[in-house]
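No value in this document is a laboratory result; all are computed from the given coordinates. Nothing here was measured: the structure is a model prediction, and the numbers come from that model. Note that we place each Cβ from the backbone using ideal geometry, even for glycine, and neighbour counts take in every protein chain shown.
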Amino acid sequence: MILDAYNIVGALDRYRVAESFDQARELLINDTLKAAGWTGREIIVVFDAPRSSEPRRETLLAGGAVRTIYSGPGESADDIIERLLNTVRGEITLYTADFALQRAALARSAVRATPREFADLMDELPAVTHAPTRPRKLRVVDHLTPEALRQLEELRRKLD
C-alpha cells in the first residue's frame, strides 16, 4: 500500500480534528502501523516536504512493515509516489484523491483507492492489535480492498 499522506490527512475528519498538524501526522502513522499489523502488507507513507531544507528522509517502523518518506528540496510526494509505482513489486494499492496520481496508478496496473476507502479500512480493523508472537491465519478477505468487499457484500445480499 502507498499512501499520499497529506492528501489523506486533508480529506478525512479523523485527522482534521487533530489539535495540530504534527498530531494529525502521528495519528496517520499510528493508523498505518495498525493496518500493517492486521493486513500483513507493507505500507509506504509519503509526505510532502518540498520547501524543507533537509534532504529526503526515510524511516522504517515496525521492522520495515511501515516506511515513511519525506520528500526533499525540489521534489514532491507526487514525484516519489510515481517513482514508487514504477519500482515497487507486487500488488500495489495507492490511497489518494489526486486525480493525476490515480491515473498514474491505473496506468501501472495498481489499484487506486480514495482516502474514504482508507478510513473504511481503518474502521473495519479491530480496536486492539494482535500479539506479534501469535501467528494470525491469513484470510482472502485480508487481501481485498474495501471497495471489493462492498461489492461482494452487495452480491451476497442479492443472492439471499
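The angle separating the long axis of helix 146-159 from the principal Cα axis of greatest extent in the chain is about 20 degrees.
Could you tell me which of L61, I8, A77 has its Cα farthest along the dipole of the chain towards the positive end, charges placed at Cβ (Lys, Arg +1; Asp, Glu -1), taken about the Cα centre? Toward the positive end, the furthest listed residue is L61. Report, in degrees rounded to the nearest 10, the 0 to 90 angle that the Cα long axis of helix 77-87 makes with the longest principal axis of the chain. The angle comes out near 60 degrees. Across the options A49, T145, L159, the greatest Cα extent toward the positive end of the charge dipole of the stretch 2-159 (unit charges at beta carbon of Lys, Arg, Asp, Glu) belongs to L159. Here the Gaussian network model covers the chain, with springs between Cα atoms less than 10 Å apart; of P73, P115, P146, P73 fluctuates the most. Between Q23, G90, L125, the Cα set farthest toward the positive side of the dipole of the chain (charges on each charged residue's Cβ, about the Cα centre) is that of G90. From its DSSP helices (H runs of at least four residues, each -39,500 (n - 2.57)), the chain gives a residue-normalised ellipticity at 222 nm of -14000 deg cm²/dmol.
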